[in-house]
Amino acid sequence: METSATYVWGTPWGGKGGENVWQFIIPDGGSLAGLTISSGDVITFADGEFLIGISGRVGFINNLTVITSLSFETNKYTYGPYGTNPGTDFSFGVTNGKFSGFYGRCGLYVDSLGVILQPKT
């Protein structure tokens with residue numbers, strides 16, 4: 001994990017492909033109100049609902065190592081899996097802090113995905 005003064009970047013899952021590097025961080029005091037999945041599904045969190053875990057699978061599509069499946073766990077529900085199921089499982093749950101964002105690489109697919117955490121102070 002990589003650490004900055006305020007955030008911790010978890011080691012990403014997936015491959016090294018994808019030309020587009022991206023990240024988003026939820027500002028201090030902000031909250032993640034929902035997620036939009038490329039299939040068109042929209043996950044809208046209820047009041048008091050927050051992300052506590054992420055899981056999925058890393059596999060191969062067209063000889064590329066990519067994220068093949070994703071699920072999101074909140075304190076109320078598990079959403080997903082989104083995508084196909086072949087691949088190697090990964091999961092990450094927050095026990096001491098909170099999710100503050102995501103980062104990764106993409107091209108035609110989500111090539112890699114990592115979490116950005118804000119440690120409990």
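Descriptive notes on the structure:
- A simple count of charges around T68, restricted to other residues whose Cβ falls under 13 Å of its Cβ and scoring Lys, Arg +1 and Asp, Glu -1, yields -1.
- Relative intensity, log₁₀ I(q)/I(0), of the stretch 73-119 from a Debye sum that treats every alpha carbon as a point, q = 0.18, 0.22 Å⁻¹: -0.76, -1.08
- For I52, the residues whose modelled amide H falls within less than 5 Å of its own, excluding neighbours fewer than 5 places apart on the same chain, are E73, T74, N75.
- Taking every alpha-carbon pair in the stretch 43-111 and binning the separations at 10 Å intervals from zero gives 19, 47, 28, 6, 0 percent.
- Lysines with Cα under 22 Å of K120, excluding same-chain neighbours fewer than 8 positions away: K76, K98
- Taking other Cβ atoms within 10 Å as a rough exposure proxy, L64, L108, L117 sort from fewest to most as L108, L64, L117.
Read-outs: derived from the displayed coordinates by stated rules, not from any lab. Small disclaimer: the values here were computed from a predicted structure and weren't measured. A quick note on method: Cβ atoms are made from the backbone with ideal geometry, for glycine too, and the neighbour counts reach across all protein chains shown.
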